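The values are calculated or read from the model by the stated rules, or taken from the named source; none is laboratory data. Bear in mind the structure is a predicted one, so any value in this text is a computation, not a measurement. A quick note on method: Cβ atoms are made from the backbone with ideal geometry, for glycine too, and the neighbour counts reach across all protein chains shown. Please note that ligands, DNA and RNA were not included when accessible areas were found on the heavy atoms of the full protein model with its side chains. Shrake-Rupley method; radii C 1.70, N 1.55, O 1.52, S 1.80 Å.
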Amino acid sequence: MADPLILVTNDDGVHAAGIRALAEAAGSLGEVWIVAPDREASASGQSLTLKHPLRAEKVDTRVLAVDGTPADCVNLAIVKLLPRRPAVVISGINRGGNLGDDVFYSGTVGAAREATFFGVPALAVSLAAQADLDYAPAAEFACRLTGLVIERGLPERTLLNVNVPAGHPTGVAVTVQGRRSHEGTILEGLDPRHRTYYWIEEGRDQWVSDEMSDIFAVRKGLISITPLQTDTTHHAVLAAFRAWEPDLQPVVKASDR
């Protein structure tokens, strides 16, 4: 019986230190393939490239660089590039956390979500640090968690968003997605041709205090595992909005009767 095929991708680019650490650790679990963007593609969400063709270039044995988004990489790998269906997709290890509302922007999470659309279990793994990056603890944990996912599976259309604090984590917590109040910051300037440009900056965030959240766990030195689903319907308010239906029905004119 063939070893499980493990697809590794990211949004920091195929040459990033995080993806190398992840792929090396995952090698103990099966046959690892890397299909990742040929350059940094952060904050690309789950976008797909539809306006021009994609190219995949061989970088090394079972390592391919794609001139597209992280979601492109997963889509292309599963449909065309891999020799067989992967047992699991691991996206990461991202440089910096993907916590709370950031999961909607994250290319790391977007790649994992793309895998779930194909029915493949997936994890998104991020190291919640910007400096003194030591990917070893995150890679070791991702490897252990991936082994459990291969053995036990995940619910349909569910992915695990994993955030590892800097240093040596003191434990693990299964968390909910945090929330924040966001104050946007946009830098305005003039280019050499005196045309105005705008640069979206990260801005300032005020996180909502919630001891069940991913951000709370990471701040406490815990590895956060948040199960995410692709169904973003707000089911709790469906009944309330269905009460609006009579007022929203098309108005039938007398001439149309």
So residue 190 clears everything in (1) at pLDDT 90 or above; (2) under 30 Å from residue 138 (Cβ atoms) except one condition, right? Which one? (2)
Has segment 117-129 got at least one residue that is over 14 Å from residue 8 (Cα atoms), modelled with pLDDT under 95 and out of contact with any strand residue (DSSP E or B) (no Cβ under 7 Å at 6 or more places or on another chain)? yes
Out of curiosity, is residue 124 among the small types (Gly, Ala, Ser) and in a helix (DSSP H, G or I)? no
What is the one condition in (1) closer than 21 Å to residue 125 by Cα; (2) under 21 Å from the mean Cα position of the chain (by Cα) that residue 220 does not satisfy? (2)
Scanning segment 143-160 residue by residue, the ones that are touching a helix residue (DSSP H, G or I) at 6+ places or on another chain (Cβ under 6 Å) and either within 20 Å of residue 102 (Cα to Cα) or hydroxyl-bearing (Ser, Thr, Tyr) (or both) total 2
For segment 118-142, which positions are farther than 18 Å from residue 85 by Cβ, open to solvent by 20 Å² or more (accessible area, probe 1.4 Å) and touching a residue at least 40 places away in the same chain (Cβ under 8 Å)? 128, 133, 135, 136, 140
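Residues are listed down the side, and each one gets a yes or a no for (1) open to solvent by less than 40 Å² (accessible area, probe 1.4 Å); (2) outside any loop (DSSP other than H, G, I, E, B); (3) in contact (Cβ under 8 Å) with a residue 12 or more places away in the chain:
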site	(1), (2), (3)
156	no, no, yes
194	no, no, no
215	yes, yes, yes
228	yes, yes, yes
238	no, yes, no
250	no, no, no
Quick check: is even one residue across segment 209-224 touching a helix residue (DSSP H, G or I) at 6+ places or on another chain (Cβ under 7 Å), among the aromatic types (Phe, Trp, Tyr) and within 17 Å of residue 179 (Cβ to Cβ)? no
